[in-house]
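The values are calculated or read from the model by the stated rules, or taken from the named source; none is laboratory data. Computed from a predicted structure; not experimentally measured. Counting neighbours? That spans all protein chains shown, and the Cβs are built from the backbone with ideal geometry, glycine included. Heads up: the accessible areas ignore ligands, DNA and RNA and are worked out on the full protein's heavy atoms, side chains in. Shrake-Rupley method; radii C 1.70, N 1.55, O 1.52, S 1.80 Å.
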Amino acid sequence: TTGRLVQRGSPTPLRTIRSPMTEEVNWVEHPPHYLGDSGVECINVIRTLPLGLATTMKYVWRYRDKWNPAEDLKKAMFYLADYEQYLFKSKDIDGDMHRLTTIGAHMLMGTKTRSQLRTHVVWLESRELPEAKFFSKTYDYLQDARIGRVRYPEFKAVREALEELIANTPDESE
C-alpha cells in the first residue's frame, strides 16, 4: 500500500511514499520528505554548505510535503536573509570570518554534491515545478562560489527566486 501526500487545495499528489504501516521507513536517517522524486536526498546536497544556505535549501526541499507550504517558505526566507546579512552586509570581524568560512565551504563542495544538485534541478525543471527556479539559481550561485567568486548579483537572483515562490504559494493559515 502506498500513501499519497497532497498539497492542500490541490488534487494532485506531490509524492507517493510507502506507508510506514506496511513497510519500514527510517524516519530519523532518511525521512521520505527529504528524498526527492529526483532520487537525490537533501542531506547529500546540503551537508557541505554554510548553515544559512543549507537550512534555506532544506525548507524549500520539503515545503510541498508540509501542511502549510507557505510557512516553510517563509522560514526559508528567514534563513536566507540571515545568510545574506552576514555574508554581504556585515562590516564587523564576525562578518569577515563568516565570509571566509563561507567561501571555503563553497569551494569544498565536491563534484558529486554539485552533480546531485544539478540532477535535482533538471528533474524539477522537466516537471515545471515552481521551486525549479530557486534551485537552478542556487546551483548557478554555487558554481560561481566554488571558484571563489561569491558575488551579490548571483545571490540576489536566489533571493528573488525564493520571493517569487513565496508570492505564488497560497498561505493555508490565512
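Some values worked out for this structure:
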quantity	calculated
Members of segment 48-80 found to be open to solvent by 30 Å² or more (accessible area, probe 1.4 Å), within 18 Å of TYR139 (Cα to Cα), hydrophobic (A, V, I, L, M, F, W, C) and touching a residue at least 60 places away in the same chain (Cβ under 8 Å), listed by number	MET77
ASP72 vs. criteria among the acidic types (Asp, Glu), at pLDDT 70 or above and not in a loop (DSSP other than H, G, I, E, B)	yes
Some residue of segment 121-137 being without any contact (Cβ under 8 Å) to a residue 24 or more places away in the chain and under 17 Å from THR48 (Cα atoms)	no
Unique residue being under 20 Å from LEU117 (Cα atoms) and at pLDDT 95 or above when the list is TYR79, TYR83	TYR79
Residue match in segment 96-109 (condition: open to solvent by 60 Å² or more (accessible area, probe 1.4 Å), modelled with pLDDT under 95 and acidic (Asp, Glu))	yes
Selection status of GLN116, modelled with pLDDT of 80 or more, of a type in the set (S, T, N, Q), surrounded by 13 or more Cβ atoms within 10 Å (Cβ to Cβ) and closer than 15 Å to VAL158 by Cα	no
